[in-house]
Structure formats: C-alpha cells, structure tokens
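Written below as structure tokens is the structure these notes are about.
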C-alpha cells in the first residue's frame, strides 16, 4: 500500500487548512457596550431571607452582599468610587434587580464598570446591554439609573443555571483534589476542547432569523456546558469558570487576532504566583480532518512576548505581563528540542502514542532546527521509519499514512498517525 501524508500548515496567523483560527471568532464584539455576559456565583455562601422579593421576581433576596475583591482582576483596574459601583452591579445582577443607581458617573465609565463585573464573573451570563435613564429638572440631571436587561425570564435563567451546575459538577467529579494546579489546568483545558465544538454557524443563524440568543449561548458558559458549542468568548468563560471552581485564579482577556483584526478572546491564569496566557479556542482545531478529540498546545501557558506575535490585546483592559516560562507546555513536558535529532523525535512520539494520544507535538528552539526536522521527517520521509519502529514496539498505529500540522510561528510540529 502506498504511503501517504496529509499536510496541514499553521502559519504565524494561526491559520489551519485555509481557515484562520481567528476567523472562527468572526464578528464577536468586545466593546464594553456590546460584550455578551455570563451565569451565577458558586463558591459564595450567600444567605437569603424568604420574606424578601425583588421587583424582578427573584423570591429569595440575599442579605449578605458580595464586595469587589482585588483577586477579581478587573475589579483591581477600578478606582475607589468605581469599585462601589462595581459592587452595586454585581449584587444587582445576582439578585435579579431591575436597575442600578449610577448617578454621578459618565456613561462610558458606567458601561466599563459593568463590563468589568461580567469579565470577572463568567457565572453571570444572562445580562444584556441594558440602558441608561437620566432624570432631569430645570435642565440638570438630578438622577441616573442603569436599567438591567435580562436575556431570559428569571425562571428560565434558574433552570438553565441548574443545567450548567449539574454538568459542571459531573466534570469536577473527575478531578483529583490532591492534584497540582498545573494538572488541574491541563484537565480543564483538554476537557473543554474535547467536549466543545466551535459554533461556526452562529452568525449565519443571527443573520437569517435574527435569533440573538444563538450568540448569547455560544458566548457563554451555557453554550459550553449544556449545548457543547461555543465561540471564543464561550471557551474562555468556561475555562475561567471551571478554574475558579478549582481555586485557580483565571482572568478573561479580549482583543483581536493580529493578522486580520478579528475580535478574539482568551485567558490568563496564575500558577505558583506567576501569570501565563492560555488560548483554548486556538487549541481546538476547526477542521473535519482532525480526530474528534484532537488538542493543540501551541498557546498553553505562554508569555506576553509569545502572545503578542499573534494577539492584540484590547488596551481598555490592561493585562498582566507574563514572563514566566516554567509551565509553558513544551518546556514543562520536555517537548522542546534545542537540536533536532531523529532519536529525540522518536522518543517523544513513542511516549505520546504509548499513552494512546492522538497526536505528538515537538517544539524547536529556533527556525534552523525546525526546518532541519521538516526536511528530514517530511521531505525525506524519515517519519515513516519512526512510525514503523514505534509499531514494532507493540504500539498499534498505521505506519503507512499520517498527517501533520506545522505552526512555523511557534516552531511546533505535530504528528497525527492513524490508530488501529
């Protein structure tokens, strides 16, 4: 049988098979007036009074408020007066109140603070844009309120929250509470990617019938944990939510893809006191040729320097400067080769395929070593001899065909064999 290979190239633009990962986030708007929000706060033992009823119909009103916590990243970007407004928004959203008094604040700052709350709390996914009402007397503004828009009815939100929580609880049952934070992070990253499909049709649905709920769901934790479909914001919010439940600090980041300016979202996470960037959407290959559970690690725990090669952060929300490299996926897992050798690649592939992983990835220290590997493994077809050696050691893989991805921006080569 003739040997065959399928070439899949990921350029610096993060494009794969003619489709840009960034394009998978097409038309998601992250300006503070249009950002889509997200669901309810676990981990807070709020107390309720059964006698209280909010105007919006929430029958149990909390008697303990949640305050702005600097561990919530975007809260820390605000000044003292804005943090008070942050608290008002947060508790109003959780209590399903009708409005928030915003007198004394400019409209752009009102929406900015509101956005900071939603960026810090992926649990609050059910809030729409809302509106601002001013009250005038003798030509002067005497009061101002932000009228909250709920994307669904209160009872619907409660039921949807129950669906989310039930599925999240099932996911977290698989986590060893004694596992290191890094292992928990890998679990969350892989679990979301393997169980979520990128929702490429969401905008076609909106354009055809005006169903805004399609975007709402796909941009939220509900899309990931209940529907199994999401866009980049949904992936990022789901990671933030699960990691928060596991006690790992994780923030939401947004901006654009560097190549074409398409809006995009990703995360930053703290391990051992050091921040790293994480992009789940670009870790999920959007291509029918890939195995259903294929995962890419090109943007797993990367530095600011690496991020800026392909991402442009929104300057309205300053991000942490990530310089640590300890937990960068390839370095931590000894998949970074300073020098190319056939034996070194064999060892990496064998280890991965012995664990029944659907792919094996190698990162090279510089372009010279990367292209030495490409010439030998791909052009000279040395990869077939490696696959044969692996098969001879009892690992059941197809030695006659494979496909690969090449991320030449990050110097990463990933091999996908076929398993029997």
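What follows is calculated from the coordinates using simple rules that are stated; it is not laboratory data. Since we're looking at a predicted model, the values are computed, not measured. Neighbour counts are summed over all protein chains in view; Cβ atoms, including those assigned to glycine, are modelled from backbone coordinates with ideal geometry.
Results, tabulated for the structure shown:
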item	result
Cα→Cβ-extended label distance, 7 Å offset, between residue 339 and residue 147, nm	7.2 nm
For segment 299-420: rounded, prolate or oblate by the Cα gyration tensor [a/c cutoff 1.5]	prolate
Segments 216-223, 344-351, 167-174 sorted - mean Cβ within 10 Å per residue, highest first	216-223, 344-351, 167-174
Extension gain from residue 366 to residue 155, taking 0.36 nm per residue of separation minus the Cα-Cα distance	70.4 nm
Spin-label zone in segment 136-175 - amide nitrogen under 17 Å from a point set 7 Å from the Cα of residue 101 along the C-beta vector	136-137, 141-148
Pairwise FRET efficiency - residue 396 versus residue 175, Cβ, R0 = 22 Å, nearest 0.05	0.15
Protection proxy ranking, peptides 229-240, 327-338, average beta carbon neighbours within 10 Å, highest first	229-240, 327-338
